[in-house]
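Asks: Please see the structure below; I have some questions.
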Amino acid sequence: MKLNTLILIIAALTITLSSCKKTTTQLEDDTDAIKSYLSANGITTEEVSNVFYKVISEGSGEQCSLGDTVAIKYQASTTENPTNIFAKNEGNKASVFFLPTQLGGTANGETPIYGLQIGLTTMKEGGKSRFYIPSSYAYGASKISTDSIEYANLIYEVELCEIIRRDKKH
């Protein structure tokens with residue numbers, strides 16, 4: 001009888017202690033992986049809302065903000081295979097994106113991924129930056145190309161060519 005009670009107590013303690021195991025979110029895993037990538041490659045960055053960025057050139061125009069329409073030139077790859085560009089502008093023509101008035105929202109027209117919405121707000125017109133975006137702020141479990149992995153953390157190199165404000169006359 002005492003042996004059965006002891007076994008039950010040990011089993012209960014084991015279950016209780018195993019349930020205390022720290023679990024992480026996908027965003028935490030992504031952020032840790034990006035930090036490791038940056039460290040391993042000797043890249044120093046700034047960070048805003050779990051998006052890491054390196055300013056390549058500051059830009060001299062207006063600061064980008066939510067609600068703006070922007071014309072950008074970009075190329076995108078993953079931290080797993082940074083030399084394989086999976087998305088970029090057609091030719092030398094800038095792509096137009098509509099930033100929602102709130103992060104994560106949608107706007108009429110083409111809206112960039114959440115991580116790029118965050119990143120663009122760090123830029124000035126005419127500037128160029130490189131963003132390291134967690135998969136949670138991009139495509140998540142979806143594969144972005146046939147040779148990519150699920151939960152791919154992205155690298156976007158972006159030139160902010162023009163900010164088209166709703167109140168700006170063109």
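The values are calculated or read from the model by the stated rules, or taken from the named source; none is laboratory data. Keep in mind it's a predicted model, so treat the numbers as computed, not measured. Cβ: placed from backbone, ideal geometry, glycine included. Neighbour counts: every protein chain shown. With ligands, DNA and RNA removed, areas are computed over all heavy atoms of the protein, side chains included. Shrake-Rupley method; radii C 1.70, N 1.55, O 1.52, S 1.80 Å.
Asks: Can you work out the Karplus-derived ³J(HN,Hα) for every residue in segment 90-98? Use 6.51 cos²θ - 1.76 cosθ + 1.60 with θ = phi - 60°, whole Hz, and x for glycine or proline.
Replies: 6, x, 10, 7, 6, 9, 9, 10, 10
Asks: Just to be sure I understand the curve: with the Debye formula and one point per C-alpha of segment 44-170, what is log10 I(q)/I(0) at q = 0.13, 0.15 Å⁻¹?
Replies: Listed by q, the Debye log ratios stand at -0.49, -0.66.
Asks: Mind giving me the nanometre distance, one decimal, between the label points for GLN102 and GLN26, set 7 Å out from Cα along Cα→Cβ?
Replies: With each label placed 7 Å out from Cα toward Cβ, I get 2.2 nm.
Asks: Amide H neighbours of THR78 under 5 Å, at least 5 residues apart or on other chains, H built in the peptide plane: list them.
Replies: ASN84, ILE155
Asks: Another question about this same structure. Straight distance only, please: which aspartates and glutamates reach the Cα of LYS88 with their own Cα at less than 13 Å, same-chain residues fewer than 8 apart left out?
Replies: Straight-line reach from LYS88, under 13 Å: GLU157, GLU159.
Asks: In the full protein assembly as shown, how much of SER142 is accessible to a 1.4 Å probe, in Å² to the nearest 10?
Replies: 70
Asks: Roughly speaking, what is the stretch gain from LYS35 to ASN89, that is 0.36 nm per residue apart minus the C-alpha to C-alpha distance, in nm to one decimal?
Replies: Gain on extension, LYS35 to ASN89, equals 16.7 nm.
Asks: Enter the accessible area per residue of segment 20-170 (Å², integer; probe 1.4 Å; all protein chains in place).
Replies: Each residue of segment 20-170 exposes 55 Å² on average to a 1.4 Å probe.
Asks: For LYS54 and ASN81, what is the calculated FRET efficiency with R₀ set at 22 Å and r taken between the beta-carbons, to the nearest 0.05?
Replies: 0.70
Asks: Leaving ligands and nucleic acids out of the surface, order THR25, THR78, THR83 by accessible area at 1.4 Å, largest first. Spell out each step's value before the answer.
Replies: Numbers: THR25 75, THR78 15, THR83 120 Å².
Descending order: THR83, THR25, THR78.
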